[in-house]
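The values are calculated or read from the model by the stated rules, or taken from the named source; none is laboratory data. From a predicted model like this one, the values you see are computed outputs, not experimental measurements. Note that each Cβ is placed from the backbone with ideal geometry, even for glycine, and that neighbours are counted across all protein chains shown.
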Amino acid sequence: MAYYVATLFFVIYRRNCSLFECLPSDWLRYMLIPKRIIIKSKKHLEWVARNSNCIRCRTTYGLQSAHIRKTDKLGNVGWGQKNSDVYVVPLCYLCHQLQHTMNEFEFFTGHLYINPITVCLELALKSPDKKVKQFAKEGKLNNAIKYWDDLKTSTEGTTKS
């Protein structure tokens with residue numbers, strides 16, 4: 001609740017308006033957007049890079065933990081920001097560079113034919129980090145899995161016609 005109150009006061013300050021002028025539209029708009037949970041875990045990132053194969057070329061050399069930026073319709077992170085460390089997949093250096101040179105959705109569905117969030121879920125459930133494992137066990141990746149599946153079916157419908 002404190003987050004929403006602070007957000008409302010921020011809106012009042014930025015718009016230089018009174019409380020009653022800002023309440024009707026802005027209050028509801030900011031109340032409906034929940035704060036994202038971002039888990040940072042160096043332990044999980046290192047574990048993914050050391051104990052996996054590249055999901056594209058299956059090599060074990062030069063692996064990196066590649067963040068998945070597109071996880072839901074609201075949570076796309078901006079430039080210079082990374083998503084939660086739960087949303088990582090193992091990619092070798094060359095595949096990771098390829099991921100950054102093209103559309104992320106095309107990379108995973110067009111080249112690999114996979115839902116990367118399901119890979120993240122499998123890795124998170126095996127992770128040595130307790131925060132990451134708890135996040136996955138609570139089912140907080142399910143919305144992202146559904147989002148990618150819906151995105152894939154919507155693009156398949158447009159390409160067939």
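Observations on the structure shown:
- Scanning segment 61-100 for residues that are β-branched (V, I, T) and at pLDDT below 90 turns up I68, T71, V77.
- Of all residues in segment 118-125, none satisfies being on the phi > 0 side of the Ramachandran plot and among the hydroxyl-bearing types (S, T, Y).
- Residue within segment 12-19 that is surrounded by 14 or more Cβ atoms within 10 Å (Cβ to Cβ), modelled with pLDDT of 60 or more and either outside any loop (DSSP other than H, G, I, E, B) or of a type outside the set (V, I, T) (or both) present: no
- Residue in segment 120-131 that is crowded, with 16+ Cβ neighbours inside 10 Å, within 13 Å of K70 (Cβ to Cβ), modelled with pLDDT of 90 or more and assigned by TED's automatic domain parsing to the domain that holds E46 present: yes
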